[in-house]
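To keep things clear, I will list the structure first and then write my remarks on it.
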Amino acid sequence: QVQLVESGGGLVQAGDSLRLACAASGRPFSSYVMGWFRQAPGKEREFVACISGSGRNTDYADSVKGRFTISKDNVKNTAYLQMNLLKPEDTAVYYCAVRGSGGFVTSDEGDYNYWGQGTQVTVSS
């Protein structure tokens, strides 16, 4: 069992940066894939980025590629999402998730077993 807590969201202006953090407790996730997803009001939850347990393999949605960077600190059991050049279209609740078994990076939310409560990111023009 894993509990995830996101932090770092807030209100920023277009072009600004934010770094989200996802702290895990209950079980270390250093061996497992983790991902970031987001959901805007009235829209379906969508994939943002994911990273392998080792941190060596990553994947990104086309909409954020080149602007967002996913990383992790296995000593702290914390994953991060560095978001640069933020746009109003990035406004959403951002969720982190952990795949509860070994495997490769995946963008399918059905492959993830544990989810955080979400943190709000709002980007104004």
- [ ] Filter the range 28-55 down to residues that are under 15 Å from Q82 (Cα atoms) and not hydrophobic (A, V, I, L, M, F, W, C), then give me how many there are.
- [x] 3
Open item on the list: Quick check on my filter: what residues within the range 7-56 are in a loop (DSSP other than H, G, I, E, B) and in contact with a strand residue (DSSP E or B) (Cβ under 7 Å, 6 or more places away or on another chain)?
Closed with: G8, G9, A14, S17, G26, F29, Y32, V33, A40, R45, G55
Task: Neighbours by Cβ (under 6 Å, 6+ apart or cross-chain): first from the range 1-30, farther than 19 Å from S54 by Cβ and open to solvent by 60 Å² or more (accessible area, probe 1.4 Å); second at pLDDT below 95 and β-branched (V, I, T) - done: G26/V2
TODO: For the range 99-115, state whether one or more residues are assigned to a strand (DSSP E or B), of a type in the set (A, V, I, L, M) and surrounded by 15 or more Cβ atoms within 10 Å (Cβ to Cβ).
DONE: no
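Residues are listed down the side, and each one gets a yes or a no for (1) farther than 13 Å from V98 by Cα; (2) open to solvent by 30 Å² or more (accessible area, probe 1.4 Å):
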{"site": "P41", "(1), (2)": "yes, yes"}
{"site": "E46", "(1), (2)": "yes, yes"}
{"site": "C50", "(1), (2)": "no, no"}
{"site": "Y60", "(1), (2)": "yes, yes"}
{"site": "V64", "(1), (2)": "yes, no"}
{"site": "I70", "(1), (2)": "yes, no"}
{"site": "V75", "(1), (2)": "yes, yes"}
{"site": "L81", "(1), (2)": "yes, no"}
{"site": "N84", "(1), (2)": "yes, yes"}
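The values are calculated or read from the model by the stated rules, or taken from the named source; none is laboratory data. Bear in mind the structure is a predicted one, so any value in this text is a computation, not a measurement. Reconstructed Cβ throughout: ideal geometry from the backbone, glycine too, with neighbour counts over all protein chains shown. Heavy atoms of the whole protein, side chains included, go into the accessibility calculation; ligands, DNA and RNA do not. Shrake-Rupley method; radii C 1.70, N 1.55, O 1.52, S 1.80 Å.
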